[in-house]
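**Q** Right, I'll just put the structure down here and ask away after.
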Number of protein chains: 2
Amino acid sequence: MAEFERAWTKLLGVEKFEALPFPRKQEIELRASRISIPSALSDVCTTEKYERLYHTYGAGTVDVARALRREFRNPPDVIAFPRNEQDVFDLFDWCGRNSYAIIPYGGGTSVVGGVNPPEYDRYRGVVTVNMKHFNRVLEVDEISQSARIQAGVLGPDLEAQLKPAGLTLRFFLQAWEFSSLGGWIATRAAGHFATAYTQIDDHIQSLRVLTPAGVVQAKRFPISGAGPNPDRLFLGSEGALGIISEAWVRLHRRPQFRSMTTVRFKDYDSAVEATRVLSQSGLNPSNARLIEREEAQYTGSSDGTYDILVLGFESADHPVDHRMARALEICKQMGGAWESTGAGEPVDSDRGAKSWREKFVRGPYLREYAIARGVMRETMETAVTWGGFAALREHVKRETHRAIREVTGRRGSVTCRFTHIYPDGPAPYFTWFAYGDKSRIPEQYMAIKRIAEQAMVDAGGTVTHHHALGRDHRPWYDKERPELFCTVLKGAKVALDPGQLLNPGVLFDPS
Amino acid sequence: MAEFERAWTKLLGVEKFEALPFPRKQEIELRASRISIPSALSDVCTTEKYERLYHTYGAGTVDVARALRREFRNPPDVIAFPRNEQDVFDLFDWCGRNSYAIIPYGGGTSVVGGVNPPEYDRYRGVVTVNMKHFNRVLEVDEISQSARIQAGVLGPDLEAQLKPAGLTLRFFLQAWEFSSLGGWIATRAAGHFATAYTQIDDHIQSLRVLTPAGVVQAKRFPISGAGPNPDRLFLGSEGALGIISEAWVRLHRRPQFRSMTTVRFKDYDSAVEATRVLSQSGLNPSNARLIEREEAQYTGSSDGTYDILVLGFESADHPVDHRMARALEICKQMGGAWESTGAGEPVDSDRGAKSWREKFVRGPYLREYAIARGVMRETMETAVTWGGFAALREHVKRETHRAIREVTGRRGSVTCRFTHIYPDGPAPYFTWFAYGDKSRIPEQYMAIKRIAEQAMVDAGGTVTHHHALGRDHRPWYDKERPELFCTVLKGAKVALDPGQLLNPGVLFDPS
């Protein structure tokens, strides 16, 4: 923490940080459960206090800050851990008969209010469903490089089970350790690949979804041209249309060839231009993270006088030197420079990347400690066309700086990197830091976020590239999606979940 | 024709072909139009005989055979050529008030009964809509390599308008000359790229769709993670949910580097294995058509003792020699051989490819002539996992041979090639030839198709990779898609087209 505190001092001009103590179970006054569990479901359900506390929140700033305030005003009444599909259907029946809302919890890493119990009068209680017992790789088709996997499995367990076959999903998002395959699918998560296999969507062969109206099981094909793709209805459905039970997913072989280097740019616009050309080159780098100098400096990858492009290639089949060489040629044309050997070859140096990766992996562990010290470290991601990017970045940075100053009375930090790149535009990822009033973090955070998010959307970006919508992004999503498409989604809800039990308030309000 | 007739003689054991004469407008007795055009729509609509004849059918075997029988039993009553979106909405209103069905015609190249007027009692007439006036590229964003294009434009016109910007959609399907962007989108067509950019889906940034309930206009992003993707509802909607007015599409720069060669394999299973390894290599060949020896012989690309893999790479950015070299290394390991220079480099020979491409491009011109001679040349395409392919091929070939013999009393030909390959499976494309009774082609064709298609589906293939569903594929589609997903689609229909005007009978029956 000392290292981070020194960095925050520099960033925010705060001399000394004092941390609120983390809450303990016994300090919290918890509302009694409004639900009594029938004996038929007693093996599957619990009202135990810690579980109810744990499942009250996701992993967003507001969630953590409320927990630090010992504020668990609206906890779920019951936590269910179904062991099999029949348990899930029994839960649907029971909740349907009693008007209990059902919150599919995934791994609980939502940063957008996706798993928080709703507060609509029509529900007489809330049952949060944790699918952690659905944690097995059921079938591996090595020749077709794919596997049938239960949706409750978390990242590390999934990879451990695939390892004996020499296969991997290679879907390493920041929450990888804590989030589930089903959660990735429901929220259209994006992994670490900068190109080609960015979204979980690209890995899905077919889904099996449980709904109060029955099972939706798509057939398994590499691809099909038969009508609208049924799985696409559930990719991004955020738990509102069903609970994903299992999926056939596409896998990769483990990479045998890698090349990684860090390119420095003195001029940011040239760095963007190089990255754009790369994105349209067909070279498909696995990593192409352009990181602004301020952000690179914070993570120790730049002295603040240059921006860096963390560039990587990997392949399970063939050497990637030619691709790296061509990518560096493109960078050089735009003024990029990199460490090279006497022969002019790039040093296969992972330093910038390593430094960045360490911060990346540590990120989820840091949030609680930062917020306890009044430090809001928030990220907002989007995607925009190359043509629209420069204006978007400028507008978002200006507006977010303004918001931080207005809300906290102090300066903050706002920086941008690319997490993913597409031939038609980048996915810019903004990180902002602000020093808030420890007793009012949720309110201050939302006040800043409202302005920052609005700026991003006003400048032509989507409300989310991969953090999903939850309840926090609804105001912008409501304007982003075509109104008639929402009517269609509501129709799907009526067909699949006529009692409107599932995750009410994401995508749209219950009627 | 003489060349083809000689080939058919060899293939089908028929000595001499006699052709039915093509029909002429004046020979056809056409039912009077049941619709009188109101003066407000007289600029947009016609009941002219030729137009009604022309728009009665798509381009399938049954369509052509019925036309050859002078059978135009169920023509559309009116053909509409809207000039702008208001015209389309006026048509919706008019048809809604009068219970006329609306058939979006695209380019009319459906081979699956996708544009044939339906015969449900609830409709008092049929208006076929031809969007040919929606033929302009409206906007090109060069830096983001994308363009906003009206959906009625046909392939050649589209490319001609993009050419000045140095950009191209490079979506060269067999019907390219005759089919429209909107048709490709509505039917999830596939282009000539064997990997990476196979379906039109991969090229869509955002759609603008006109429905009787209003406009559905998605926002334009390189990608978004905000809820289920609205455009995916219309990709494959086959005209049943709306008429696509325009789309923002992703473009490519024109290729500067190419390499193309033909690899011969003595053993088919080894050729499949090589192609599978290629599909999982990340090399992304633009062409990887594995053609069985019988089919390669028919097209003049093999002497019948070896199968061929037409292999191609292209890039607008960098030489592709390294990729070709690695691909050939893979082929060599599986026993592949190719023409090479003294130095062992592959001869950049286009011969096999050229021969194949010529046949490919001539294809659409040939159908009428073949059918007039009693020659049914039919194609069925699917996609299946690598693990399932061998059994599928065997089953489809055996069953289709059996069907041809049972139905026509003669031997036929059934061959297989791959049109597209994916890391998890190929898209096999079956071509069958049978010599039928010229007066009963539609009935014989459907009898053979029923058995052949059933075999494909029974063996684990999808009912269609890129020919779409139309009305002909409904029996199999009804079993392929999840039942509850159909309920959702029907709900979408109610929301967007409450009068059930649009293309009734595709996807599902009107209620």
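The values are calculated or read from the model by the stated rules, or taken from the named source; none is laboratory data. Computed from a prediction, not measured in an experiment: that's the story for all the values here. Counting neighbours? That spans all protein chains shown, and the Cβs are built from the backbone with ideal geometry, glycine included. All accessible areas refer to the heavy atoms of the entire protein, side chains included, with ligands and DNA or RNA removed. Shrake-Rupley method; radii C 1.70, N 1.55, O 1.52, S 1.80 Å.
**Q** Among the numbered conditions (1) within 9 Å of chain A (Cβ to nearest Cβ); (2) hydroxyl-bearing (S, T, Y); (3) more than 22 Å from the chain's Cα centre (by Cα), tell me where B:Y422 comes up short.
**A** The single condition B:Y422 does not satisfy is (3).
**Q** Also, quick follow-up: Check B:R450, B:R417 and return the single one that is part of a strand (DSSP E or B) and either more than 14 Å from chain A (Cβ to nearest Cβ) or hydroxyl-bearing (S, T, Y) (or both).
**A** B:R417
**Q** Scanning for something more than 9 Å from every other protein chain (Cβ to nearest Cβ), closer than 29 Å to B:R393 by Cβ and either touching a Ser or Thr at 6+ places or on another chain (Cβ under 9 Å) or part of a helix (DSSP H, G or I) (or both), does segment B:244-253 turn up at least one residue?
**A** Looking for residues that are more than 9 Å from every other protein chain (Cβ to nearest Cβ), closer than 29 Å to B:R393 by Cβ and either touching a Ser or Thr at 6+ places or on another chain (Cβ under 9 Å) or part of a helix (DSSP H, G or I) (or both), one finds none in segment B:244-253, hence no.
**Q** Now a separate question. Looking only at segment A:170-214, filter to residues that are basic (K, R) and out of contact with any Ser or Thr (no Cβ under 8 Å at 6 or more places or on another chain); which one of those is modelled with the highest pLDDT?
**A** So the residue we want is A:R188.
**Q** I need the full set of residues from segment A:311-325 which are surrounded by fewer than 22 Cβ atoms within 10 Å (Cβ to Cβ) and either of a type outside the set (D, E, K, R) or part of a loop (DSSP other than H, G, I, E, B) (or both), in order please.
**A** Within segment A:311-325, A:S315, A:A316, A:D317, A:H318, A:P319, A:H322, A:A325 qualify.
**Q** Pull up segment B:282-310, narrow it to residues that are touching a Gly at 6+ places or on another chain (Cβ under 7 Å) and part of a loop (DSSP other than H, G, I, E, B), then point me to the one that is farthest from the other protein chains (Cβ to nearest Cβ).
**A** This residue is B:S301.
**Q** What is the one condition in (1) facing another protein chain (nearest Cβ under 7 Å); (2) β-branched (V, I, T); (3) open to solvent by less than 20 Å² (accessible area, probe 1.4 Å) that A:I223 does not satisfy?
**A** Among (1) facing another protein chain (nearest Cβ under 7 Å); (2) β-branched (V, I, T); (3) open to solvent by less than 20 Å² (accessible area, probe 1.4 Å), A:I223 violates only (3).
**Q** To continue, here is another question. If I filter segment B:227-236 down to residues being open to solvent by 10 Å² or more (accessible area, probe 1.4 Å) and part of a loop (DSSP other than H, G, I, E, B), which single residue comes out as farthest from the other protein chains (Cβ to nearest Cβ)?
**A** B:N229
**Q** Filter segment B:326-346 down to the residues that are part of a loop (DSSP other than H, G, I, E, B), open to solvent by 40 Å² or more (accessible area, probe 1.4 Å) and modelled with pLDDT of 70 or more, then identify the one that is farthest from B:S302 (Cα to Cα).
**A** Applying the filter and picking the extreme gives B:M334.
**Q** Still on this model: Run down A:L53, A:L91 and say which single residue is open to solvent by less than 10 Å² (accessible area, probe 1.4 Å), at pLDDT 95 or above and in a helix (DSSP H, G or I).
**A** It is A:L91.
**Q** Sticking with this one: Taking A:T195 as meeting all but one of (1) β-branched (V, I, T); (2) within 10 Å of chain B (Cβ to nearest Cβ); (3) in contact (Cβ under 8 Å) with a residue 40 or more places away in the chain; (4) surrounded by fewer than 22 Cβ atoms within 10 Å (Cβ to Cβ), write down the number of the exception.
**A** Only one criterion in (1) β-branched (V, I, T); (2) within 10 Å of chain B (Cβ to nearest Cβ); (3) in contact (Cβ under 8 Å) with a residue 40 or more places away in the chain; (4) surrounded by fewer than 22 Cβ atoms within 10 Å (Cβ to Cβ) is unmet by A:T195, namely (2).
**Q** Cβ-Cβ below 6 Å, separation at least six or inter-chain, first residue in segment B:254-269 and within 14 Å of B:P319 (Cα to Cα), second modelled with pLDDT under 95 and open to solvent by less than 80 Å² (accessible area, probe 1.4 Å): which pairs?
**A** B:M260/B:D350; B:M260/B:A353
**Q** Here are some residues: A:G114, A:G108. Which one is on the phi > 0 side of the Ramachandran plot and either touching a His at 6+ places or on another chain (Cβ under 8 Å) or within 14 Å of chain B (Cβ to nearest Cβ) (or both)?
**A** Testing whether each residue is on the phi > 0 side of the Ramachandran plot and either touching a His at 6+ places or on another chain (Cβ under 8 Å) or within 14 Å of chain B (Cβ to nearest Cβ) (or both) leaves just A:G108.
**Q** Only one of B:F22, B:F17 is open to solvent by less than 90 Å² (accessible area, probe 1.4 Å), within 30 Å of B:E51 (Cα to Cα) and outside any helix (DSSP H, G or I); which?
**A** B:F22
**Q** While we're looking at this one, here's another question. Being open to solvent by less than 10 Å² (accessible area, probe 1.4 Å) and among the hydrophobic types (A, V, I, L, M, F, W, C): is that true of B:F134 here?
**A** Against the criterion (open to solvent by less than 10 Å² (accessible area, probe 1.4 Å) and among the hydrophobic types (A, V, I, L, M, F, W, C)), B:F134 qualifies.
**Q** A further question follows. Report, ordered by the first and then the second residue, all pairs with beta carbons closer than 7 Å, sequence separation of six or more or different chains, a first member in segment B:139-151 that is more than 11 Å from every other protein chain (Cβ to nearest Cβ), and a second member that is surrounded by fewer than 18 Cβ atoms within 10 Å (Cβ to Cβ) and charged (D, E, K, R).
**A** Close Cβ pairs satisfying both conditions: B:R148/B:E139; B:Q150/B:R136.
**Q** When the residues of segment A:42-72 are narrowed to those that are of a type in the set (K, R) and under 18 Å from A:V127 (Cβ atoms), which ends up nearest to the chain's Cα centre (by Cα)?
**A** Filtering first and then ranking leaves A:R52.
**Q** Sticking with this structure for a sec: What tally of residues in segment B:454-474 results from selecting those that are of a type outside the set (A, V, I, L, M, F, W, C), outside any loop (DSSP other than H, G, I, E, B) and within 12 Å of another protein chain (Cβ to nearest Cβ)?
**A** Here the count works out to 1.
**Q** Condition first: surrounded by fewer than 22 Cβ atoms within 10 Å (Cβ to Cβ) and charged (D, E, K, R). Now tell me which residues in segment A:260-294 satisfy that.
**A** A:K266, A:D267, A:D269, A:E273, A:R293, A:E294
**Q** Now for a different question. Return the only residue of A:Q205, A:Q217 being of a type outside the set (F, W, Y) and surrounded by fewer than 24 Cβ atoms within 10 Å (Cβ to Cβ).
**A** That would be A:Q217, the only listed residue that is of a type outside the set (F, W, Y) and surrounded by fewer than 24 Cβ atoms within 10 Å (Cβ to Cβ).
**Q** Please go through segment B:470-511 and give me each residue that is crowded, with 20+ Cβ neighbours inside 10 Å and of a type in the set (S, T, Y), ordered by number.
**A** Listed by number, the list holds a single entry, B:Y477.
**Q** Any chance segment A:256-272 includes a residue that's within 14 Å of another protein chain (Cβ to nearest Cβ), modelled with pLDDT of 95 or more and assigned to a loop (DSSP other than H, G, I, E, B)?
**A** yes
**Q** Anything in segment B:95-126 that is touching a residue at least 24 places away in the same chain (Cβ under 8 Å), over 28 Å from the mean Cα position of the chain (by Cα) and open to solvent by 30 Å² or more (accessible area, probe 1.4 Å)? List them, or say none.
**A** The answer is B:G96, B:N98, B:S99, B:R122, B:R124.
**Q** Does any residue of segment B:437-453 turn out to be in contact with a strand residue (DSSP E or B) (Cβ under 6 Å, 6 or more places away or on another chain) and open to solvent by 10 Å² or more (accessible area, probe 1.4 Å)?
**A** Within segment B:437-453, not a single residue is in contact with a strand residue (DSSP E or B) (Cβ under 6 Å, 6 or more places away or on another chain) and open to solvent by 10 Å² or more (accessible area, probe 1.4 Å).
**Q** Oh, and also: Tally the residues that are at the interface with another protein chain (Cβ under 7 Å from one of its Cβ atoms) and in contact with a helix residue (DSSP H, G or I) (Cβ under 6 Å, 6 or more places away or on another chain), restricting the search to segment A:485-506.
**A** The number of residues fulfilling the criteria is 5.
**Q** Of the residues A:R70, A:R34, A:R66, only one is on the phi > 0 side of the Ramachandran plot, among the charged types (D, E, K, R) and touching a residue at least 40 places away in the same chain (Cβ under 8 Å); which?
**A** A:R70
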